[in-house]
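Asks: Sharing a structure with you now.
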């Protein structure tokens with residue numbers, strides 16, 4: 001299923017906010033930054049795309065991230081791709097994103 005905007009202008013993509021510790025940051029050949037965050041025995045991969053430029057976090061940081069949830073079938077892992085944003089530490093949902101309720 002493709003995540004195209006519906007007639008009402010809303011995306012059918014599933015968004016999530018996740019808190020974790022950055023354990024790996026790499027710059028891929030396609031221009032994406034791939035970030036691995038871990039917490040409570042699990043991990044999630046984050047992808048920063050050139051179309052949504054963000055400075056990547058540093059290994060060792062605890063961050064709160066938000067983005068589009070996808071399953072990468074080739075690697076068999078869950079990821080936020082694209083990553084829409086991130087902030088250091090464990091913080092509430094980002095203000096003004098329009099995807100978290102009434103903001």
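Asks: Could you list 63, 35 so that the one with the fewest beta carbons within 10 Å of its beta carbon is first and the one with the most is last? Walk me through the intermediate numbers first.
Replies: Details: 63 20, 35 28.
In increasing order of surrounding Cβ atoms, one gets 63, 35.
Asks: State the extension gain, in nm to one decimal, for the chain segment bounded by residue 62 and residue 15, taking 0.36 nm per residue of separation less the distance between their alpha-carbons.
Replies: Values: separation 47, 0.36 × 47 = 16.92 nm, distance 1.97 nm.
So the extension gain works out to 14.9 nm.
Asks: In what order do 72, 32 fall by count of nearby beta-carbon atoms within 10 Å, going from fewest to most? Provide the component values of the computation, followed by the final result.
Replies: Values: 72 12, 32 18.
With the fewest neighbours first, 72, 32 line up as 72, 32.
Asks: Restricting to Cα pairs below 8 Å that are 6+ residues apart, what does the relative contact order work out to for region 15-85? Please round to a whole percent.
Replies: Value for region 15-85: 34 percent.
Asks: Right, here's the next one. Please compute, for the alpha-carbon atoms of region 15-85, the extent along each of the three principal axes and give them in descending order in Å.
Replies: In descending order, the Cα extents are 30, 26, 21 Å.
The numbers here are math on the coordinates, done by the rules we state, and not lab data. Keep in mind it's a predicted model, so treat the numbers as computed, not measured. We place every Cβ from the backbone using ideal geometry, glycine too, and count neighbours over all the protein chains shown.
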